[in-house]
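A.B. asks: Below you'll find the structure I mean.
The values are calculated or read from the model by the stated rules, or taken from the named source; none is laboratory data. All values reported here derive from a predicted model rather than from experimental measurement. In this analysis, Cβ positions are derived from the backbone assuming ideal geometry, glycine residues included, and neighbour counts consider all displayed protein chains. Please note that ligands, DNA and RNA were not included when accessible areas were found on the heavy atoms of the full protein model with its side chains. Shrake-Rupley method; radii C 1.70, N 1.55, O 1.52, S 1.80 Å.
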Amino acid sequence: MSDAWPSLFRIVVGIYWLYFASQKWHGVGWVQSVMTASAQSNPIPGLHQLLVGVVVPNWFLFAVGQTIGETLVAVLLILGLATRWAAILGLLLALNLAVTVAFGLNDDGFRWMYYLAVIANAQVIASGAGRYAVAGFKWVPAYLR
């Protein structure tokens, strides 16, 4: 049973990303106010200016990109395809949220949700797909393993 844990953990992290991606599938308009508030409250020099000058004026492109990235990570992790690459993308998405959106929150406890996503994706990178993954089938191309 212990060989199932990496697979189970990978699937749970995939479901985490699927949940957050699904919040944006029916529209990303609500993301604009989140991005604007996060940009204004971000204390990191350089990043604050980048968020205000580039991200906020182009909020729609960034919101759609984040949604596509979250959906891709979710599907690949749940299936167990290109697992480490998907987890690297998930790590980058989580780092993005941890240094941008997390500063816009007034609740320090809720902020940890973003920090834990960084740690969870790092664990998937380290442990890989596990035994139970689509990548284990011989018909799967090597670049998806």
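A.B. asks: Within the range 97-104, is even one residue assigned to a loop (DSSP other than H, G, I, E, B) and of a type in the set (Val, Ile, Thr)?
C.D. replies: yes
A.B. asks: While we're on this one: Out of the residues in the range 112-135 that are free of Cβ contacts under 8 Å to residues at least 12 places away in the same chain and within 15 Å of Ile15 (Cα to Cα), state the one that is most open to solvent (accessible area, probe 1.4 Å).
C.D. replies: The qualifying residue most open to solvent (accessible area, probe 1.4 Å) is Leu116.
A.B. asks: When you scan the range 98-111, do you find a residue that is open to solvent by 50 Å² or more (accessible area, probe 1.4 Å) and within 18 Å of Tyr16 (Cβ to Cβ), even just one?
C.D. replies: Within the range 98-111 (the criterion being open to solvent by 50 Å² or more (accessible area, probe 1.4 Å) and within 18 Å of Tyr16 (Cβ to Cβ)), the answer is yes, since at least one residue qualifies.
A.B. asks: Now a separate question. Given the condition of a type in the set (A, V, I, L, M, F, W, C) and within 29 Å of Phe9 (Cβ to Cβ), answer yes or no: does some residue in the range 44-57 qualify?
C.D. replies: Among the residues of the range 44-57, not one is of a type in the set (A, V, I, L, M, F, W, C) and within 29 Å of Phe9 (Cβ to Cβ), which makes the answer no.
A.B. asks: Consider Leu77 carefully, then state whether it is assigned to a helix (DSSP H, G or I), closer than 14 Å to Ile15 by Cα and in contact (Cβ under 8 Å) with a residue 40 or more places away in the chain.
C.D. replies: yes
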